[in-house]
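The values are calculated or read from the model by the stated rules, or taken from the named source; none is laboratory data. Note that this is a predicted model, so its numbers are computed, not measured. Every residue, glycine among them, receives a Cβ derived from its backbone with ideal geometry; neighbour counts consider all protein chains shown.
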Amino acid sequence: MWGGGSMYPARVAVVAKIESELGPVVASAVHAIRDAIPVYRSLQGAQLADVEAIAYWSLRRLMALWAHGDRTIDDRDHKRFRAIGSARAADGRPLADVLRAYRVASSVFVRHVTTEYLDVLDPPDIAELGLGVLDAIDAISEEIIGAYVVAREQLTSNRAQAHAALLDDLLAARHNSPGTVSDRTRELDLKLPTHPNLLVVQSADPGRPMSDDTVESLVLAVGLVPPDRTATSGQRSHLVTRHEHRAIVLLPPSIHRTEADLACRDLRLRGCLVEKSTITGISSSWRLASEALDTAPDHAFDDRALLDHGDGQLLALLTARPTANTYEVVRSVLGPLTEAANEHILQGLSAFISTGTATAAATRLQVHPQTLRYRLRRAQQLTGRDPRSAWHRLALDTAIQLRQLG
């Protein structure tokens with residue numbers, strides 16, 4: 001494979017054997033990386049395949065150099081490692097973790113060689129393998145660090161782009177481990193809330209695109225700084241990005257639903273606000289909100305501009321989404337009504353929905369009609385849902401029935 005004139009026939013023979021079993025060796029290396037480095041555990045699909053492909057190529061290059069007694073990586077190697085450094089800077093993987101991954105993979109390879117082929121190699125061969133690995137890691141580190149630093153400087157010089165890229169990664173569940181997010185927010189001078197609100201909006205008028213001006217107006221309307229402006233005081237605690245015809249805003253919990261709803265009405269937007277998410281749960285909140293906007297009927301927006309978490313859970317159930325969760329429908333729609341202290345309010349609401357009028361509901365419960373109306377007002381205050389509205393009545397009735405079914 002490497003040529004017949006090598007001065008190191010034993011090494012060439014070992015390399016040929018390892019090549020035939022390289023699949024399991026690479027699998028062991030990738031497993032060791034994911035086991036040792038938390039940020040790599042969340043990689044899936046194309047990202048995991050990329051790690052495997054780099055491991056294949058790196059180990060093959062290391063074997064070729066060792067087999068021929070050469071410790072010098074060539075210009076093509078340098079160029080490829082620089083490209084890897086730039087790519088890791090763009091996707092936000094911490095530099096220390098990237099470099100450690102090469103050390104972990106190299107140790108797996110060296111351990112495999114010394115365990116399986118010690119009897120056919122001389123001590124100088126083993127020594128040269130160890131020294132070759134050290135030299136290669138040193139060269140690799142230099143190229144990756146240099147390219148990584150340059151790329152990060154380019155990215156962070158445009159803060160709006162870097163902030164949007166971070167939110168894009170959170171939406172896609174890329175590199176959202178606490179350590180990775182902490183590194184990136186510190187690097188970008190952000191102070192993201194532990195439990196942010198996620199706002200997803202689109203135009204209320206079919207066919208009207210979501211313009212940059214509209215996004216800027218929305219952010220200003222809720223009292224925050226637009227993406228392309230510098231905060232006058234303190235660290236930025238929100239992020240903004242765009243996906244096709246929708247804008248996504250990660251909001252601090254201090255921005256209340258009423259503020260966001262009023263801003264959206266003024267700008268003729270409709271959307272979904274998922275409150276008190278978590279940084280690692282942003283991806284799930286994004287899917288819930290996006291799917292809710294895909295499937296919500298127009299009358300769900302009759303008295304408001306924004307759906308909520310409960311609407312998203314209800315729509316997931318009604319459309320038979322795999323993520324549908326009946327417990328979450330009950331919890332998010334009924335809220336405080338499930339507490340023992342509010343059982344009488346829930347009973348009044350249930351009676352009203354099933355009978356259709358406050359008078360009939362009062363008769364059923366043997367209370368004064370005014371008492372029943374008071375309970376309905378309290379139910380609306382506690383849930384944010386008017387049982388006289390067709391959509392809210394559906395949501396409340398579904399949640400009540402699910403609760404009774406246990």
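Pairs are defined by a Cβ separation below 6 Å, a sequence spacing of at least 6 or placement on different chains, a first member in region 286-302 that is not assigned by TED's automatic domain parsing to the domain that holds H392, and a second member that is of a type in the set (V, I, T) and surrounded by fewer than 16 Cβ atoms within 10 Å (Cβ to Cβ); the pairs so defined are T295/T319.
Yes/no per residue for (1) in a helix (DSSP H, G or I); (2) closer than 20 Å to V133 by Cβ; (3) not assigned by TED's automatic domain parsing to the domain that holds E128:
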site	(1), (2), (3)
K17	yes, yes, no
V30	yes, yes, no
L43	no, no, no
A46	yes, no, no
E52	yes, yes, no
A55	yes, yes, no
L65	yes, yes, no
D70	no, yes, no
D77	yes, yes, no
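Of all residues in region 121-142, those that are closer than 16 Å to H78 by Cα have Cβ atoms under 7 Å from Cβ atoms of residues that are outside any helix (DSSP H, G or I) and of a type in the set (A, V, I, L, M), 6 or more apart or on another chain, in A136/I73; A139/I73. Does any residue in region 391-406 that is closer than 17 Å to H299 by Cα come within less than 7 Å, Cβ to Cβ, of a residue that is outside any helix (DSSP H, G or I) six or more places away or on a different chain, and which pairs are these? Note: pairs meeting the criteria are W391/D302; H392/R385; H392/D386; R393/P387; A395/R385; L396/R385; L396/P387.
Could you please let me know if S28 is more than 19 Å from I126 (Cα to Cα) and among the polar types (S, T, N, Q)?
Details: more than 19 Å from I126 (Cα to Cα): yes; among the polar types (S, T, N, Q): yes.
It is true that S28 is more than 19 Å from I126 (Cα to Cα) and among the polar types (S, T, N, Q).
Put simply, of V39, V26 the only residue that is touching a helix residue (DSSP H, G or I) at 6+ places or on another chain (Cβ under 9 Å) and more than 22 Å from P178 (Cβ to Cβ) is V26. For region 8-67, filtered to residues that are closer than 27 Å to L118 by Cα and in contact with a Ser or Thr (Cβ under 9 Å, 6 or more places away or on another chain), the residue that is surrounded by the most Cβ atoms within 10 Å (Cβ to Cβ) is A29.
A single entry from R388, R377, R373, R403 fulfils the requirement of being in a loop (DSSP other than H, G, I, E, B), over 19 Å from S290 (Cα atoms) and out of contact with any Gly (no Cβ under 8 Å at 6 or more places or on another chain): R388.
Taking region 298-334 as the range and being more than 22 Å from I345 (Cα to Cα) and among the hydrophobic types (A, V, I, L, M, F, W, C) as the test, the residues that pass are A300, F301, A305, L306, L307, L315, A316, L317, L318, A320, A324. The helices (runs of 4 or more DSSP H) found entirely in region 85-192 include none that carry 3 or more residues being among the acidic types (D, E) and not assigned by TED's automatic domain parsing to the domain that holds I73. Picking from A105, A87, which residue would you name as being of a type outside the set (S, T, Y) and crowded, with 21+ Cβ neighbours inside 10 Å? Of the residues listed, the single one that is of a type outside the set (S, T, Y) and crowded, with 21+ Cβ neighbours inside 10 Å is A105.
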